[in-house]
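Since the structure comes first, as structure tokens, the remarks are kept for the end.
The values are calculated or read from the model by the stated rules, or taken from the named source; none is laboratory data. No experiment lies behind these values; they were computed from the predicted model shown. When we count neighbours, we look across all protein chains shown, and the Cβ atoms used for this are built from the backbone with ideal geometry, even at glycine.
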Amino acid sequence: MAVKAKVRKGEYFDSVTLMRASRQLLAGEGIQDAAVVMGSPENKAILQASGLLGPELAEGGDTDLLLAVSADSEAHAEAGLARAFEVLASLKKRNSHGATFRPCSLEGALEVLPGANLALISVAGRHAGDLARSALEKGLHVMLFSDNVPLETEIELKRLAAAKELLLMGPDCGTAILNGIPLGFANAVPRGKIGIVAAAGTGLQEVSSLVANEGGGVSQAIGTGGRDLKAEVGGITFLQGIRALLADPDTSVLLLVSKPPHPEVLQRILEALAEAKIPVVACLLGAAPQLLEGSPALHAQTLEDAALLATALARGADPEAATREVQDRRKRRDEDLEALARTQRARISPGRRYLRGLFSGGTFCYEAQLLLKGIGEVHANAPAFGSTRMESALRSVGHTVVDLGEDEFTVGRPHPMVDFSLRVRRILEEGRDPETALILLDVVLGFGAHPDPASELVPALQSLQGVSVLCSVTGTDRDPQGRRRTIQALEEAGAVVLASNAEACRLARRILDALGT
Amino acid sequence: MRCLRAGDLIPRGSYAFHSRFEKALNFSNGRFLVSLVTPELGAGPLWVQVDELDRLPAQCLVVEAGAIRLDGRCLGYHPSATYRSTWSREAPPFQGLGPLLALLRERILGSPSRGLLAGLLAPDVLRNEEQHSAFERTCAERALEGAKQLLSGNPLEGARLLRGCGPGLTPSGDDFLAGHLHGLHLLMRIHGHALRPRIRAVHRAALGGNLFSNTGLHLARLGRPFERLKDLMEALLAGRREALVRAADSVCALGASSGTDLAAGLYVTLERGVAPWP
């Protein structure tokens, strides 16, 4: 056995980073043991007991980093140590935000960029209102990423913005694409003719990505925040968005995405659409098609349908032809899904019979409940369409769909699109549950999301046995993570990757129907 | 840069630059650290909340009555903007800890940033989780034994075993010990137990050469929690479930794993109690 060790003076890391580094090291060829730890006397004592404390480490102190590797040969130990430095450098790079000046106040930001016309605000909710007001008063449009902003503050800010002819997108607005620039959690989509107004962040990501994957493009995508369509807020931003895009010469199709608005707000939306001289597609998830009667808007039941309709319209199809095209395509695809369902049913071990949906996108969780309605009792932490509220979001019962982006999982923590640890742990737990037949996942790519979701999910998926895993991947090949690359990695790990969340739900339904649950 | 709030335990005097993190700029007086922190961390007895941290590390922090100077630059603050880490004299009506402790355990174990010692809440979880290296295995064994001794009649041995246990800059064992000391203070408040000798002795045994750890242990000895932890302890005392979930998640989100290790120390102490000592 060969042991190699080194000290890095004055370098310090947190314990999670160090444990991650040492685990990566242990996976190296010929490595028998490894430790990457701070040089406290206690840690040195443990290294001594593990046979890893070489004389090289004697000079290391509390704020120095100690690296030690034991391997089956000198060469492997040397290579392991070299690899340790690489791993730490990459983790440090991932944790660091660069050395350039990052202003932390609105005034500081305006000094750096005096011509700015939009402020993206992401601070604790209790400070967000004041900052947004200040930005509006300086004549800036605002994308308010922060949540936990009181409703009365939202109303006041939106009224102020409207009076100044500015947009206040949010609060809790996670996604927008303005003049081709993705903001927040958004995807790299080409510019095009479809203008989007959405009160649903992941809904916006799904439709814009599907549009891009179908060869279409987006002129502008305006997020409004989920509460905008409540009676109290009155759809102020949604209506501003509609009017702006109807007047936009670069927009030739208008696509609307939301949960069903309050009836009074819907009435105002329909009045605004009455002036539309371009085709309009409305996906008001869960709303009856009759609500749109008398309006020029085409009803889309799912986010996928909405994107496909809008793309066909943008290509020049008339509404009837576009609708027919989408229906024909659905029929063809349903035949494929039936074949897929058969192969997946064969993978599921006897006795397993329940669906477990683990979503990072709230809109996907909502859409899944819409599309899974009728499979039996569904438990959810954000129930909709007759689902039962879970007693504890941490424990699945029967058919369960969990929105891991809900406050109970995200207060003080990164969003599950960024940090996969909670979801990975939950996947493993669901896999161990002998009643789980099917795991349904959304994987969201794009700016702001995890740089490589597949690397987090693949080990967990590979460890599952007797369970079918269905994924939808929201994103494009232009996204930093690469849609095709992500799909390939997930498929190699045994998952079935579908074109959309709606399609994944339709396949899940077919499999469950056959299992007779 | 503006001072938003300052802790109530920051002694007047001069402090030298110690270290810089994304959300904190640390200064030392040789015994403990005083930190300038961004607002999202909340308040703490030894923290100065500022609206932004300048890009360059400052060299010297001077604390005077009503003013804080950073390299000679004055950050005035009003006494009303002081964070009070003391408890109000009137304790809220005590609701009993049982169901809330179960909820706290659930939040800690469900936290994505679960640290090395959070597994002590469920030793079966700790045993089943793969400890990949000899170092991790030894740490886990030490931690299990240390926690057992700490709560039994041998707290000094427990503190010795837990001290410095963990690979990182703020070792998990030290955070756990700080949580334990806060838990002892809470037990005193709830049951009136005479635990001060135990608190002093465990603190002495837990001190090492790590200023980050020593600062946390110093505050824990005094029973002066930072804001997130105070919220958690108040929610426990008052029996407020929703507040507890929020506060527990907020504590668990601190640092890479410090928050969960601290919460684990608090939980284990409250749940299992302590054997008589000395």
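Quick look at the values:
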item	result
Candidate set from the range A:34-61 (those that are polar (S, T, N, Q) and under 18 Å from B:GLY168 (Cβ atoms)); member that is farthest from the other protein chains (Cβ to nearest Cβ)	A:ASN43
Residues of the range B:1-25 that turn out to be within 13 Å of another protein chain (Cβ to nearest Cβ), assigned to a strand (DSSP E or B) and free of Cβ contacts under 8 Å to residues at least 60 places away in the same chain, as a count	5
Whichever residue in the range A:440-457 is of a type in the set (Gly, Ala, Ser) and touching a residue at least 40 places away in the same chain (Cβ under 8 Å) and, among such residues, is surrounded by the fewest Cβ atoms within 10 Å (Cβ to Cβ)	A:GLY448
Qualifying residue in the range B:200-214 (condition: closer than 22 Å to B:GLY146 by Cβ and in contact with a Gly (Cβ under 6 Å, 6 or more places away or on another chain))	yes
Answer residue from the range B:29-58, given it is within 20 Å of B:THR215 (Cα to Cα), surrounded by fewer than 18 Cβ atoms within 10 Å (Cβ to Cβ) and more than 17 Å from the chain's Cα centre (by Cα) and is farthest from the other protein chains (Cβ to nearest Cβ) among those	B:ASN29
Residue check, A:LEU464 more than 16 Å from the chain's Cα centre (by Cα) and either among the hydrophobic types (A, V, I, L, M, F, W, C) or within 14 Å of chain B (Cβ to nearest Cβ) (or both)	yes
Of the criteria (1) within 13 Å of chain A (Cβ to nearest Cβ); (2) in contact with a helix residue (DSSP H, G or I) (Cβ under 9 Å, 6 or more places away or on another chain); (3) under 30 Å from A:THR63 (Cα atoms), which one B:LEU244 fails	(3)
Residues (in a helix (DSSP H, G or I) and surrounded by fewer than 13 Cβ atoms within 10 Å (Cβ to Cβ)) located in the range A:345-356	A:ALA346
Set A:ARG432, A:ARG425: member being without any contact (Cβ under 8 Å) to a residue 12 or more places away in the chain and within 20 Å of the chain's Cα centre (by Cα)	A:ARG425
Residue match in the range A:372-394 (condition: among the small types (Gly, Ala, Ser), in contact with a Leu (Cβ under 9 Å, 6 or more places away or on another chain) and more than 26 Å from B:ARG107 (Cβ to Cβ))	yes
Number of the exception - A:GLU29 against (1) facing another protein chain (nearest Cβ under 9 Å); (2) assigned to a loop (DSSP other than H, G, I, E, B)	(1)
Residue satisfying condition, being buried (at least 16 other Cβ atoms within 10 Å of the Cβ) and in contact with a Leu (Cβ under 9 Å, 6 or more places away or on another chain), within set A:ALA297, A:ALA312	A:ALA297
Scope the range A:363-377; condition surrounded by fewer than 24 Cβ atoms within 10 Å (Cβ to Cβ) and among the β-branched types (Val, Ile, Thr); matching residues	A:ILE375
Hits in the range A:32-88 (condition: hydrophobic (A, V, I, L, M, F, W, C) and in a strand (DSSP E or B))	A:ALA34, A:ALA35, A:VAL36, A:VAL37, A:MET38, A:LEU65, A:LEU66, A:LEU67, A:ALA68, A:VAL69, A:ALA71
Flag for B:LEU156 being within 11 Å of chain A (Cβ to nearest Cβ), modelled with pLDDT of 85 or more and more than 17 Å from the chain's Cα centre (by Cα)	no
A:ALA310 being of a type in the set (Gly, Ala, Ser) and touching a Gly at 6+ places or on another chain (Cβ under 9 Å)	yes
Qualifying residue in the range A:136-149 (condition: within 22 Å of A:LEU110 (Cα to Cα), within 18 Å of the chain's Cα centre (by Cα) and in a loop (DSSP other than H, G, I, E, B))	yes
Lone unmet requirement of (1) within 25 Å of A:ASN148 (Cα to Cα); (2) within 14 Å of chain A (Cβ to nearest Cβ); (3) at pLDDT 90 or above for B:ASP261	(1)
Filter pass, A:PRO416 being surrounded by 24 or more Cβ atoms within 10 Å (Cβ to Cβ), part of a loop (DSSP other than H, G, I, E, B) and not hydrophobic (A, V, I, L, M, F, W, C)	yes
Only listed residue being within 17 Å of the chain's Cα centre (by Cα) and small (Gly, Ala, Ser), chosen from A:GLY374, A:GLY351, A:GLY386, A:GLY357	A:GLY357
Residue that is touching a residue at least 60 places away in the same chain (Cβ under 8 Å), among the hydrophobic types (A, V, I, L, M, F, W, C) and in the same structural domain as A:LEU372 (by TED's automatic domain parsing), where the choices are A:ALA393, A:ALA460, A:ALA437	A:ALA437
Residue in the range B:95-102 that is within 23 Å of the chain's Cα centre (by Cα), at pLDDT 80 or above and within 12 Å of chain A (Cβ to nearest Cβ) present	yes
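Quick grid of which residues meet (1) farther than 30 Å from A:LEU65 by Cβ; (2) out of contact with any helix residue (DSSP H, G or I) (no Cβ under 8 Å at 6 or more places or on another chain); (3) not assigned by TED's automatic domain parsing to the domain that holds B:GLU141:
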| site | (1), (2), (3) |
| --- | --- |
| B:LEU184 | yes, no, no |
| B:LEU187 | yes, no, no |
| B:GLY192 | yes, yes, no |
| B:MET233 | yes, no, no |
| B:ALA248 | yes, no, no |
| B:SER258 | no, no, no |
| B:GLY265 | no, no, no |
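Matching residues to (1) modelled with pLDDT of 95 or more; (2) in a helix (DSSP H, G or I):
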residue: A:VAL281; (1), (2): yes, no
residue: A:ALA310; (1), (2): yes, yes
residue: A:GLU325; (1), (2): yes, yes
residue: A:ASP334; (1), (2): no, yes
residue: A:THR343; (1), (2): no, yes
residue: A:THR363; (1), (2): yes, yes
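Matching residues to (1) within 11 Å of another protein chain (Cβ to nearest Cβ); (2) under 24 Å from B:ASN154 (Cβ atoms); (3) in contact with a strand residue (DSSP E or B) (Cβ under 6 Å, 6 or more places away or on another chain):
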residue: B:SER172; (1), (2), (3): yes, yes, no
residue: B:ALA194; (1), (2), (3): no, yes, no
residue: B:PRO197; (1), (2), (3): no, yes, no
residue: B:VAL202; (1), (2), (3): no, yes, no
residue: B:ASN210; (1), (2), (3): yes, yes, no
residue: B:ARG224; (1), (2), (3): no, no, no
residue: B:MET233; (1), (2), (3): no, no, no
residue: B:ALA238; (1), (2), (3): no, no, no
